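Asker: This is the structure, below, for whatever I ask next.
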Amino acid sequence: MIEMSELAGIAMVGSLRDSGVGEDQGFRLTKRNDQFTLEIDTPADVDRVLKHQDAIALIVDPGIESEVGDIIIDVEERPEGPQLMMRTKPPEE
């Protein structure tokens, strides 16, 4: 199952608001050319929606979710600035 950190939720919702995206839209996790990307989209009935403070942050299609498995979308500090990244969830103890 895909999860999202608090920092990732803040970053995604902030980016969507700064871009003037409608409240009924969020970032959809997609796959193109063997790479995962984010695109602005509106959720469908079959999608799972991850929210931050009641705002849509991430839209996940069931097929993509089963392909990526158990991951957390988080923010990583890099020299060029903070960047979203996917990491494997640690096994539960």
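Asker: If only one of 13, 21 is touching a helix residue (DSSP H, G or I) at 6+ places or on another chain (Cβ under 9 Å) and not aromatic (Phe, Trp, Tyr), which one is it? Full working, then the answer.
Answerer: Numbers: 13 fails: touching a helix residue (DSSP H, G or I) at 6+ places or on another chain (Cβ under 9 Å).
None of the others qualify; the one that does is 21.
Asker: Could you figure out which of (1) in contact with a Lys or Arg (Cβ under 6 Å, 6 or more places away or on another chain); (2) charged (D, E, K, R); (3) surrounded by fewer than 13 Cβ atoms within 10 Å (Cβ to Cβ) isn't true of residue 32?
Answerer: The single condition residue 32 does not satisfy is (1).
Asker: Here is a further query. So which residues in segment 41-52 are part of a loop (DSSP other than H, G, I, E, B) and crowded, with 16+ Cβ neighbours inside 10 Å, if there are any at all?
Answerer: Hits for segment 41-52 are 43, 47.
Asker: Then there's this: Cβ-Cβ distance below 7 Å, separation of 6 or more or different chains: which pairs start in segment 1-12 with a residue that is touching a residue at least 12 places away in the same chain (Cβ under 8 Å) and end on one that is of a type in the set (D, E, K, R) and assigned to a helix (DSSP H, G or I)?
Answerer: 1/65; 2/65
Rule-based calculations on the coordinates, nothing more; no lab input. Computed from a prediction, not measured in an experiment: that's the story for all the values here. Every residue, glycine among them, receives a Cβ derived from its backbone with ideal geometry; neighbour counts consider all protein chains shown.
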